[in-house]
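The structure appears right after this line, and notes come after that.
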Amino acid sequence: MSRSDSLPPGQKAIPNFIIYRILGQPEVDLNSWRLRVGGYVSNPLTYTYNDLLEIADTSYVSDFHCVTGWSVRNVIWEGVSLRKLAAEAQPSRNVEWVYVRSLDKYTTVIPYEDFLDERGLLVLRINGKPLSLEQGFPARIFIPHLYGWKSAKWVTEIIFTEEYRDGYWEALGYHQRGNVWREERFK
Amino acid sequence: MECRISSPEALVPKRIKHVFICDHEPKDVFFIEELHEHASLIKDFLSEALNLRDLRIVFSENEVIGSDYILYSYRIFHRESYVGTCRFVTRNNKLIKSLCTVSEGVGFE
């Protein structure tokens, strides 16, 4: 059975997303919201929501996996490839981690090589519609082979870095990478 | 039992000041009473580390993570005030990790 047909170990399919907002629902003002891409890069960038809509280049169907054990199958994801954002920012050759900050002050950390996965996405639309506030409008991360806590919602900063630093759930013992197929739930 | 203490910046928004992570030799946990005993040991450890007497640790809930892991959550009280949480991680009914968070303003600063 191929990966696209099977669920990762320990996961069970459910009909719809369970919504988590561990630090509450942030208020989003699209006029002031910006996505900043920086850190160890030679070309730090700032995007408005409209900038991102204009460069959206990727659409695919993939399952979403929460570390608690539920999965939602066949979700349509649309947005800007993370590879494209990285290519524009030009991270230094020593970058190993990507630290993500959100409007609600949530943080997470992603290995650079996973960030560059061909399906890594800054999501703007889900199942044919713009993200809802609950799903992370205006933009969230999605990397299909990583557990959902890496898919930070309401993203405001993508920071390329050489040093590892715990994000919110990593500081609470969850895995540095969180690969769903290797069942990397805890450190 | 080997424990580390840290103060991660990532948990400041949740007003968490200290994180204690203890790794264990895997230990069978088939009855929750066995975890209560472990919780009592952890409470004593925290009491000493935080220089706080009169700590209590009370079982709160457990939840499944995937199909192998279960997190058992305990709440920590100093006298009548809630001051933190401990989560004990089991995999296939073996205790593998203890993780406690303590709010800012509690114990040594």
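The values are calculated or read from the model by the stated rules, or taken from the named source; none is laboratory data. Values in this document were obtained by computation on a predicted structure and should not be read as measured data. With ideal geometry, Cβ positions are generated from the backbone for all residues, glycine too; neighbour counts draw on all protein chains shown. These accessible areas exclude ligands, DNA and RNA; they are computed on the full protein's heavy atoms, side chains included. Shrake-Rupley method; radii C 1.70, N 1.55, O 1.52, S 1.80 Å.
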Identify, please: which residue in region A:1-24 is among the polar types (S, T, N, Q) and either over 20 Å from the mean Cα position of the chain (by Cα) or open to solvent by 70 Å² or more (accessible area, probe 1.4 Å) (or both) and is, among those, nearest to the other protein chains (Cβ to nearest Cβ)?
A:S6
Name the strands (runs of 3 or more DSSP E) wholly within region A:111-187 that hold at least 1 residues that are among the basic types (K, R)?
A:121-126, A:140-142
Just to verify a result, which residue in region A:83-102, among those that are aliphatic (A, V, I, L, M) and touching a residue at least 60 places away in the same chain (Cβ under 8 Å), is surrounded by the most Cβ atoms within 10 Å (Cβ to Cβ)?
A:V98
Got a sec? Which of A:V80, A:V72, A:V67, A:V37 is surrounded by 14 or more Cβ atoms within 10 Å (Cβ to Cβ) and assigned to a loop (DSSP other than H, G, I, E, B)?
A:V67
Subset of region B:1-41 [among the β-branched types (V, I, T) and away from every other protein chain (no Cβ under 14 Å)]:
B:V29, B:I32
Considering only region A:92-131, state which residues are among the basic types (K, R) and more than 14 Å from every other protein chain (Cβ to nearest Cβ).
A:R93, A:R119, A:R125, A:K129
Any idea which of A:V80, A:V61 is closer than 30 Å to A:L172 by Cβ and among the aliphatic types (A, V, I, L, M)?
A:V80
